[in-house]
Every structure is written in C-alpha cells, then in structure tokens.
Amino acid sequence: MITMPFPEGAWEARGNHIRTTVRQGRAAMPSFREAKISDAELEGLIDALLRGELANTATGEE
C-alpha cells in the first residue's frame with residue numbers, strides 16, 4: 001500500500017515502472033491494454049499514486 005507521496009526525483013522512474021507493470025502484467029497480475037485502461041486514465045492514476053493522493057482512500061481517512 002502506498003501511504004505517502006514518492007520523492008519527486010523518483011517520479012519518472014517509478015511512473016515508468018507502474019506503466020510497464022500495468023501494460024505488461026506481473027506474476028499473478030494480468031496486463032491491462034488501452035482498451036481497458038486508456039493512456040489518459042493510466043497517466044492520471046500514475047500521477048495520483050506518485051503524489052500520494054490515493055493513500056488514504058482505501059481506509060476512508062481524510
């Protein structure tokens with residue numbers, strides 16, 4: 001679980017890793033092609049993850 005933002009210096013590398021994992025899959029995680037998650041949606045998700053915007057939504061905390 002991501003609980004805080006990634007350091008800005010790591011955003012590009014981390015974003016590339018997330019993008020590759022989503023598009024190619026990893027271990028038990030299936031791949032998600034553009035027909036399922038558009039490039040714009042994926043970029044928005046990556047941005048939110050890197051900024052830590054989704055950190056507290058899983059628990060309902062603000």
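The values are calculated or read from the model by the stated rules, or taken from the named source; none is laboratory data. This one's a predicted model, so the numbers in the text were calculated from it and none came from an experiment. For neighbour counting, all protein chains shown are included, and Cβ atoms are generated from backbone atoms with ideal geometry for every residue, glycine included.
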Condition (residue is surrounded by 11 or more Cβ atoms within 10 Å (Cβ to Cβ) and assigned to a helix (DSSP H, G or I)) applied to the stretch 28-40: is it met by at least one residue?
no
Is it true that some residue in the stretch 24-38 is modelled with pLDDT under 90 and among the acidic types (Asp, Glu)?
no
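Does the stretch 45-62 include one or more residues that are hydroxyl-bearing (Ser, Thr, Tyr), modelled with pLDDT under 90, assigned to a loop (DSSP other than H, G, I, E, B) and loosely packed, with under 10 Cβ neighbours inside 10 Å?
Step one: filter the stretch 45-62 for residues hydroxyl-bearing (Ser, Thr, Tyr), giving 57, 59.
After this cut, where a residue has to be modelled with pLDDT under 90 as well, the list is 57, 59.
Okay, now just the ones that are also assigned to a loop (DSSP other than H, G, I, E, B), so 57, 59.
When the remaining residues are screened for being loosely packed, with under 10 Cβ neighbours inside 10 Å, the result is 59.
Checking the stretch 45-62: at least one residue is hydroxyl-bearing (Ser, Thr, Tyr), modelled with pLDDT under 90, assigned to a loop (DSSP other than H, G, I, E, B) and loosely packed, with under 10 Cβ neighbours inside 10 Å.
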Here the qualifying pairs (Cβ atoms under 9 Å; residues six or more apart or on different chains; first in the stretch 29-44 and under 13 Å from ILE18 (Cα atoms); second in a loop (DSSP other than H, G, I, E, B)) come out as SER31/GLY25; PHE32/GLY25; LEU42/PHE32; LEU42/GLU34
